[in-house]
Each structure stands twice: as structure tokens, then as C-alpha cells.
Amino acid sequence: MALPESGPYLVAALFCEKALQEKDGIVSIIRIVDRITLTVPAATSPTTLPPLPLNLTLFLSFKSGSARGSNTIKLSIEPPSGIKNIPEQLLPIFFEGEDRGANLILALNMVVDQEGVYWFDIVLEEELFTRVPLRVIYQRVGQSI
């Protein structure tokens, strides 16, 4: 399906520590981040980034505009190397039309093993809708022996 020029519209695409959705549907975004610094002791850590877990929330918010019905969002991740080896995720989303919103709150539990920018591609019905960057920095601190 080609996306209509009159919707859906992207309102927000960001990483945060937490997104809280209240009973009335209102969402609160806690601690927006676009970079993660993984700090480790220099004396006991390797010089290059070892595989480390990363837990973040990806928040996506749309307004329907003229879009209607069920759709699929595909999330794919491109690591700094450019080699896509992380499985894609397919996520359902439903557009009610007009000014109605559709939010996705995704818990990302992934392992990072490269420094640099990870690109999260948001594909809606086979069309690239946006890309969200997340920079990972590996920092060894303290005196090395």
C-alpha cells in the first residue's frame, strides 16, 4: 500500500528510558536519549566494546490523517558496521482516521557489540517512514595497569 500524502503523520520517534501510558491514554516520556555511554573500569575491561545488553524504550507516535485500518510497521536495525544481522520485528498498528493517534511503546532489549550509530528504520507498509539514530559510546575510565 502506498502511503497517502494526507496521512498518516509521524508525531514522534524517539528513544527514552521509559514511556508511561495512563488509563486515559495520555503518554509521559521519561528521559529522552539519543546516545548511550557504556562506562567500564579500564583496569578490568577489554579495549574494544564487548557484547553488552542495552535496555531502552522506542516510542513511536502517529496521527492517522486519512489513513484507516490495520497496518504493519517493520522495525529493522542497522548497526555501525552497516551489516544488518539483527532480526526485523513486525508490529501491528491501527489507524482510526482524522486526528486520532496511534502510539507504539516498544521495549528494546538488545545486545550491542559495536561503537557508533545504530539506525532504527521504521517501515510502514513497505515504505521507509523514518530513521531514528542511537549512538553507542564505549568508555574505559580510571587508570589502566
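For segment 45-57, give me each residue that is in contact (Cβ under 8 Å) with a residue 60 or more places away in the chain and under 12 Å from Met110 (Cα atoms). Break it down into steps so the answer makes sense when it comes.
Initial filter on segment 45-57 (in contact (Cβ under 8 Å) with a residue 60 or more places away in the chain): 45, 47-52, 54, 56.
Of everything in segment 45-57, those that are in contact (Cβ under 8 Å) with a residue 60 or more places away in the chain and under 12 Å from Met110 (Cα atoms) turn out to be Pro51, Leu52, Leu54, Leu56.
Looking only at residues that are assigned to a loop (DSSP other than H, G, I, E, B) and on the phi < 0 side of the Ramachandran plot in segment 96-114, which one is surrounded by the fewest Cβ atoms within 10 Å (Cβ to Cβ)? Write out each step before concluding.
Step one: of segment 96-114, the residues assigned to a loop (DSSP other than H, G, I, E, B) are 96-97, 113-114.
Filter again for on the phi < 0 side of the Ramachandran plot, leaving 96, 113-114.
Values: Glu96: 12, Asp113: 14, Gln114: 15.
If we take residues in segment 96-114 being assigned to a loop (DSSP other than H, G, I, E, B) and on the phi < 0 side of the Ramachandran plot, then Glu96 is surrounded by the fewest Cβ atoms within 10 Å (Cβ to Cβ).
Conditions tested, residue by residue: (1) of a type outside the set (Gly, Ala, Ser); (2) under 19 Å from Ala12 (Cα atoms); (3) free of Cβ contacts under 8 Å to residues at least 24 places away in the same chain.
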position: Val40; (1), (2), (3): yes, no, no
position: Ser61; (1), (2), (3): no, yes, no
position: Ala107; (1), (2), (3): no, yes, no
position: Glu125; (1), (2), (3): yes, yes, no
position: Thr130; (1), (2), (3): yes, yes, no
position: Leu134; (1), (2), (3): yes, yes, no
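Just checking, which of Val40, Val117 is more than 11 Å from the chain's Cα centre (by Cα), surrounded by fewer than 16 Cβ atoms within 10 Å (Cβ to Cβ) and not in a loop (DSSP other than H, G, I, E, B)? Outline the logic, then answer.
On the way: Val40 fails: surrounded by fewer than 16 Cβ atoms within 10 Å (Cβ to Cβ).
Every option except Val117 fails the conditions.
Restricting to segment 1-37, name every residue that is touching a strand residue (DSSP E or B) at 6+ places or on another chain (Cβ under 6 Å), under 16 Å from Glu115 (Cα atoms) and assigned to a loop (DSSP other than H, G, I, E, B).
Across segment 1-37, there are no qualifying residues.
Just one of the numbered conditions (1) surrounded by 15 or more Cβ atoms within 10 Å (Cβ to Cβ); (2) without any contact (Cβ under 8 Å) to a residue 60 or more places away in the chain; (3) within 12 Å of the chain's Cα centre (by Cα) is not true of Ile93; which one?
It is condition (3) that Ile93 fails.
Evaluate the following for Phe62: is it part of a strand (DSSP E or B) and surrounded by 15 or more Cβ atoms within 10 Å (Cβ to Cβ)? Lay out the reasoning, then the answer.
Working: part of a strand (DSSP E or B): yes; surrounded by 15 or more Cβ atoms within 10 Å (Cβ to Cβ): yes.
Yes: the conditions hold for Phe62.
Conditions tested, residue by residue: (1) touching a Gly at 6+ places or on another chain (Cβ under 7 Å); (2) at pLDDT below 90; (3) over 21 Å from Leu124 (Cβ atoms).
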site	(1), (2), (3)
Leu54	no, no, yes
Ser64	yes, no, no
Ile73	no, no, no
Asn85	no, yes, yes
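Hey, can you tell me all the residues within segment 20-37 that are surrounded by 10 or more Cβ atoms within 10 Å (Cβ to Cβ), farther than 18 Å from Pro133 by Cα and not β-branched (Val, Ile, Thr)?
Hits for segment 20-37 are Leu20, Gln21, Ser28.
The values are calculated or read from the model by the stated rules, or taken from the named source; none is laboratory data. The shown structure was predicted, so the numbers you read here are calculated from the model rather than taken from an experiment. Ideal geometry is used to build each Cβ from the backbone, glycine not excepted, and the neighbour counts take in all protein chains shown.
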